[in-house]
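Chemist: First, the structure itself, so that you have it in front of you.
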Amino acid sequence: MIPHPPITARYASTADKPAFVRKLFDDGAKYYDRVVDWGFLHSGARYRRWAQQRNGLRKGMLLLDVACGTGLVAAEAVKILGSAETITCLDPSEGMLAIARTRLAARFVPGCAEALPFPENSFDFLTMGYALRHVANLEEAFGEFHRVLRPGGKVLILEVTKPPHRFGAFCFRLYFGRIYPFLTRLFTRSRDAEKMMAYFWETMDVCVPPETVLAALRNAGFIRVERRKQLGLFSEYTAIKV
């Protein structure tokens, strides 16, 4: 199950998506942190920490952050866990990993969500921050999440979701589809940064609905599968491994 149809203006087929996404983030990595920071009104760090804390991350847990990017989610986890010693960060983009390595002293592993290079029952908690749209296959990714979590382990997926109602969708489209990419290019003077944020909107616009994500988590064997909405835009998907 793919998270959205191929964006044919960017790549030809689903098979071409991983290479496109990897290059997109390699090229835009050095701009990512500041663009995301002001684009979400400097609220991202507090929210990432709050979401992980509220959903049960605590000291002593082994954490896997899938599609860690520049380490923004993992850096907030450090403040909860007390250190980065029990954190493993995985991402297919070496450009993003290079920046993440300067942010925290975690274990860093190149790789993708659909083929996690870890044994079964390795982690207590798994996070994915705003990268669900970038995986190649939801069922394969969720199957891997289930495999590497220990019994009782929890997955927390943070995502931005287009509002279902017309006015909310219009405002969402205006900001993420037009204003955000334009300001990104204006402030960074980078076509790569603009392309990265434009692609964010393109994937959010055509992403499968939350019900499909929840069904895919259940099909992977998870229980207590839930979605919590925040401010009408942010989705927190949670699930537990039996």
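Chemist: Can you give the relative contact order of the chain as a percent, counting alpha carbon pairs under 8 Å and 6+ residues apart?
Modeler: 20
Chemist: May I have the pair-distance distribution P(r) for the range 130-177, computed from all Cα-Cα distances with 5 Å bins from 0 and rounded to whole percent?
Modeler: 5, 17, 18, 18, 14, 11, 9, 7, 2
Chemist: Can you tell me which lysines have their Cα less than 20 Å from the Cα of K17? Leave out same-chain residues fewer than eight positions away.
Modeler: Output for K17: K195.
Chemist: How big is D for the range 117-210, in µm² s⁻¹ as a whole number, if Stokes-Einstein is applied with the Kirkwood radius of its Cα pairs at 20 °C and 1.002 mPa s?
Modeler: Answer from the Stokes-Einstein relation: 140 µm²/s.
Chemist: Going by average Cβ neighbours within 10 Å, how do the peptides 164-171, 70-77 rank, with the highest at the top?
Modeler: My ranking of the peptides, most packed first, is 70-77, 164-171.
Chemist: Then there's this: Per-residue HN-Hα couplings for the range 122-133, Karplus 6.51 cos²θ - 1.76 cosθ + 1.60 at θ = phi - 60°, whole Hz, x for Gly and Pro?
Modeler: For the range 122-133, the Karplus-derived couplings read 9, 10, 8, 8, 10, 10, 9, x, 6, 10, 4, 5 Hz, x marking Gly and Pro.
Chemist: Aspartates and glutamates near K162 by alpha-carbon distance under 12 Å, same-chain residues fewer than 8 away left out - which ones?
Modeler: E202, D205
Chemist: Please give the per residue volume of the convex hull enclosing the alpha carbon atoms of the chain, rounded to a whole number of Å³. If you can, show how the numbers build up before the last one.
Modeler: Values: hull volume 26.9 nm³, N = 242.
Spread over its residues, the Cα hull of the chain gives 111 Å³ apiece.
Chemist: Next question. What ranking do 85-94, 212-221 get when scored by the average of other Cβ atoms within 10 Å per residue, highest first?
Modeler: Averaged packing, sorted descending, gives the order 85-94, 212-221.
Chemist: Further, regarding this structure: Where both residues lie in the range 106-242, what percent of DSSP beta bridges are antiparallel, nearest 5? Working shown, then result.
Modeler: Working: 14 of 20 bridges.
Bridges in the range 106-242 are about 70 percent antiparallel.
Chemist: Provide the FRET efficiency to the nearest 0.05 for the F40-T212 pair, computing r from the beta carbons and using R0 = 30 Å.
Modeler: 0.75
Chemist: Over the range 86-176, what is the relative contact order in whole percent, taking alpha-carbon pairs under 8 Å and six or more residues apart?
Modeler: Contact order relative to length: 26 percent.
Bear in mind that the values in this text are calculations on the coordinates, not laboratory data. Predicted, not measured: the structure shown is a model, and the values here were computed from it. Every residue, glycine among them, receives a Cβ derived from its backbone with ideal geometry; neighbour counts consider all protein chains shown.
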